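The values are calculated or read from the model by the stated rules, or taken from the named source; none is laboratory data. No experiment lies behind these values; they were computed from the predicted model shown. Positions of Cβ are backbone-derived with ideal geometry, glycine not excepted, and every protein chain shown enters the neighbour counts. Accessible surface areas use protein heavy atoms only, side chains included; no ligands, DNA or RNA. Shrake-Rupley method; radii C 1.70, N 1.55, O 1.52, S 1.80 Å.
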Amino acid sequence: MENMKNLFLEAGKDTTAFSDAAKYTNRAAVRTCSAPTDDQTAILWHKNTPISAKNLLIKAEQNAKISEALLYFDEEECAKVLKNVSISECAKALDTECAGFQYLAVELLARFKKQNRSGSDRPKLIFLVRKNYSLVSLFREGMDLSLASAPHVSAAAASFMAFAENLATAHIKSDFVDFFLILADCADENFRGDAELAQWLFQYLDEFAEQRTKISNRAVQWIKPGSHPFRIGRGFSLFGR
C-alpha cells in the first residue's frame, strides 16, 4: 500500500466504489471484504467477532494511520440476503449488522484517541446507512410489501442509526475525532449507486477540511447525500446540511 497522508477505510459492504474513488483524491484506501479475494486493498473482516475488528485495523495500518473511516450499512442489500424471520437469520443480523459495527467503531475510537491529532488534522468517523422501505411504511401507503426489509433487518438498521447518533453525542466535546452521520434513501435516484455516493462523500470531506475554521459549535443530525458542509441558516452543525 502506498504511504500517503490520508488513509481511508471503508468497512461493512463488499464494494470497490470508495477505494476506486479515493485514488483521485490523494488518498490511500483499504476496504473490508467478507470472503477471500486477490484485491490487495481488501482485508477480510468477520463482523461477528471483536478480535477480527482489532486484526482488521492492525492490517490496515501497516503503512499508514487511518485518518478517515466509513462504516457502511446498506439495508437495501442486506434485505436481499436476510429475507426470513428465523432464529438463525435474527442471530446473523445481530452479530454482523449490529454488534460487528459496534466492535469496529470502539476499536477505531481507541486508535484515534492514541493518534492525538486535533483541529483540521483530527480523524473522521463516518456512519453511512442506505435505508430501505419498512413493512409498516409500505403498509400505511398501500404499497407492495415485497419491497420492504424483513423485520429483523429493519431493526438492525434502526440499531445502527441509534448507535451512531448516540456515540456521536457521547463524543460531542471530544477533540480527537469528528463524526459524520449520513442517511441515504433507497428512493433517491441521484445516489442509487455507490460510485455516486463515494464521489459526493470525498467532495464533502474535502470541502469540510478546507472550511474547518468556521466551526463555532457542534450538533448531531443526519445529512443527506448531495449536502454541503456549513451551508445552513443559523449557527454551525457538524452534521448539518
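Return the pairs, sorted by first residue and then second, in which the second residue is of a type in the set (D, E, K, R) and surrounded by fewer than 17 Cβ atoms within 10 Å (Cβ to Cβ), the first residue lies in the range 49-62 and is without any contact (Cβ under 8 Å) to a residue 60 or more places away in the chain, the beta carbons are less than 8 Å apart, and the residues are 6+ apart or on different chains.
none
Within the bounds of the range 155-166, is there any residue that is more than 25 Å from Ile87 (Cβ to Cβ), touching a strand residue (DSSP E or B) at 6+ places or on another chain (Cβ under 7 Å), surrounded by 19 or more Cβ atoms within 10 Å (Cβ to Cβ) and not polar (S, T, N, Q)?
Yes, the range 155-166 contains at least one residue that is more than 25 Å from Ile87 (Cβ to Cβ), touching a strand residue (DSSP E or B) at 6+ places or on another chain (Cβ under 7 Å), surrounded by 19 or more Cβ atoms within 10 Å (Cβ to Cβ) and not polar (S, T, N, Q).
Limited to the range 105-143, what total is found for residues that are in contact (Cβ under 8 Å) with a residue 12 or more places away in the chain and touching a Phe, Trp or Tyr at 6+ places or on another chain (Cβ under 8 Å)?
Going through the range 105-143 one residue at a time, the tally reaches 16.
May I ask you to say which residue of Ala219, Ala187, Ala150, Ala209 is modelled with pLDDT of 95 or more, of a type in the set (A, V, I, L, M, F, W, C) and out of contact with any Pro (no Cβ under 6 Å at 6 or more places or on another chain)?
Going through Ala219, Ala187, Ala150, Ala209 in turn, the sole match is Ala150.
Take the residues in the range 127-150 that are in contact with a helix residue (DSSP H, G or I) (Cβ under 7 Å, 6 or more places away or on another chain) and in a helix (DSSP H, G or I); name whichever of them is farthest from Arg192 (Cα to Cα).
The selected residue is Phe139.
Take the residues of the range 176-200 that are among the charged types (D, E, K, R) and free of Cβ contacts under 8 Å to residues at least 40 places away in the same chain: which is nearest to Lys124 (Cα to Cα)?
My answer is Glu196.
Within the range 9-23, is there a residue that is more than 30 Å from Tyr133 (Cβ to Cβ) and either open to solvent by 20 Å² or more (accessible area, probe 1.4 Å) or among the hydrophobic types (A, V, I, L, M, F, W, C) (or both)?
Yes, the conditions are met somewhere in the range 9-23.
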